[in-house]
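Notes for the one structure printed next.
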Amino acid sequence: MSEASQAPASSSTPPWEAKRLPNRRGLARKLLAWGIVAGLAGAVFYALQPRPVEVEVGVVQNGPLTVYVSEEGKTRVRNRYVVAAPVAGSMQRVVLKPGDKVESGKTVLTRIEPAISPLLDTRARMQAQANVDAATAARSRANENIEMARTGLKYAQANWDRIKNNTDKGTVSDTDRDTFEREAEMKAREVRSAEFALQVADYELAQAKAALLQIEKPAEGGASIDVRAPVNGVVLRVQQESATIVAPGAPILEIGDPTDLEIEAEILSRDAVAIQLGAEVTVEQWGGDEPAKARVRRVEPAAFTKVSALGVEEQRVLVLSDFVAQTSALKSLGDRYRVEVRVAVWHSDKTLLVPSGALFREGSEWKTFLFDNGNAKVVTVKAGRTDGKLTQVLEGLKAGDEVLMHPPDTVKDGSDVVKRDEVK
């Protein structure tokens, strides 16, 4: 009876009202979608976070520093002699060319012949006699100059021998030894220059006497005058090559020794005041593989005005330098060759240095970014002298500090930075 009553009840329940089983596949799809959305959101959040800036780091350290003044210069023959016509007349053509060697008193440079009769009048005779007297006085002066130069050389050489033989350590500084040695060398060169001047005076006296002889005794003196080389050397430039009528004193050609070169550089007057005699000079861009060494011999006391390429008037001073050693490579240099000189105006054997690329200007102060455990920290620096690559630090940094080299505009005070060599 009870079984019969239960059967109709179960058969009366609609099939669509029956309890549904949970859909496990739909739940997994929802979880996967939410996971993708969360991953994308995390990636966007990570991408929007500020990242450390890659920077190059330099180190502040102690070291030597030399400050140079750079300028264009040119070589020139130290002793240049301009041969001029001793008398008026008809000059023959000069057959010598630049670079030809000449010998003192033997090589005939040109020949001057009488052009007009006034060479034989009384006035010409008196002028020729006056030229002889002037040449005699010039020779006497040159003779006195060479004696003075020899006396100075003797004194300088004695001082150098005394200092050179003094071997006690600490008695004489290296600077004083170099000064006495350079003084003896300069005096020797002055004697050589005075000897050349005496040869020129002898030549001028002989030429004046020959001109007087030509006027007083034309039959004995001949009808022409040979102009001979006054010194040994090389023809540098022929100023009058073609045959022409010349006046007394008209320049004919230049003679000099191309192996005896010096360097002249036109330095701005504000830089020249810091240049000392004997300062080190580096000669670059002269055509050789290695820079040549030279030393300052003279800083001329008078400046001159020169207009720059930009049209600005500048006051410049001639600075003369001598090569320290005449190497085989320097023999290819000639007169008035272009070079670049770097003159040392300040030197320190040990000072605190920072790379110049780490400094930047902010108003009237120099500043730099200090690398501080991954952060950029702005530091005010009191800078001293610089050679373009390194700068002297007077205040604000200490040895061992790391500074940012050429920091980009994105770096600010407190920015996160990372060394470029540490980025993987």
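The values are calculated or read from the model by the stated rules, or taken from the named source; none is laboratory data. The structure displayed is predicted, hence computed values, not measured ones. Note: ideal-geometry Cβ built from the backbone for every residue, glycine included; neighbour counts use all protein chains shown.
Points worth noting:
- Yes/no for ALA294 being buried (at least 18 other Cβ atoms within 10 Å of the Cβ), without any contact (Cβ under 8 Å) to a residue 60 or more places away in the chain and either under 13 Å from the mean Cα position of the chain (by Cα) or more than 20 Å from THR75 (Cβ to Cβ) (or both): yes
- Verdict on VAL55 being over 27 Å from ASN375 (Cβ atoms), surrounded by 10 or more Cβ atoms within 10 Å (Cβ to Cβ) and at pLDDT 80 or above: no
- Strands (runs of 3 or more DSSP E) (entirely within the stretch 254-301) containing at least 1 residues that are of a type in the set (Ser, Thr, Tyr): 280-284
- Within the stretch 319-352, if we keep just the residues that are of a type in the set (S, T, N, Q) and part of a strand (DSSP E or B), the residue that is nearest to LEU261 (Cα to Cα) turns out to be SER321.
- Of the residues making up the stretch 405-420, one or more are among the β-branched types (Val, Ile, Thr), buried (at least 18 other Cβ atoms within 10 Å of the Cβ) and either modelled with pLDDT under 90 or on the phi > 0 side of the Ramachandran plot (or both).
- Residue pairs whose Cβ atoms lie under 8 Å apart, sitting 6 or more positions apart in sequence or on different chains, and linking a residue in the stretch 131-159 that is in contact (Cβ under 8 Å) with a residue 12 or more places away in the chain to a partner that is among the aromatic types (Phe, Trp, Tyr) and assigned to a helix (DSSP H, G or I), are ALA156/PHE180; ASN159/PHE180.
- Where a residue in the stretch 226-244 is closer than 12 Å to GLU204 by Cα and among the basic types (Lys, Arg) and its partner, wherever it lies, is surrounded by 20 or more Cβ atoms within 10 Å (Cβ to Cβ) and at pLDDT below 90, with Cβ under 8 Å and at least six apart: ARG228/TYR203
- Scanning the stretch 61-105 for residues that are touching a Lys or Arg at 6+ places or on another chain (Cβ under 7 Å) and assigned to a loop (DSSP other than H, G, I, E, B) gives GLN92, PRO98, GLY105.
- Exactly one residue among LYS398, LYS377 is at negative phi, out of contact with any Lys or Arg (no Cβ under 7 Å at 6 or more places or on another chain), part of a strand (DSSP E or B) and in the same structural domain as GLY58 (by TED's automatic domain parsing), and that residue is LYS377.
- Filter result for the condition that a residue is of a type in the set (S, T, N, Q) and at pLDDT below 90, over THR259, THR282: THR259
- Given (1) in contact with a Leu (Cβ under 9 Å, 6 or more places away or on another chain); (2) not assigned by TED's automatic domain parsing to the domain that holds VAL299, number of the condition GLY388 does not satisfy: (1)
- Output for the stretch 233-253, where each listed residue is part of a loop (DSSP other than H, G, I, E, B) and hydroxyl-bearing (Ser, Thr, Tyr): SER242
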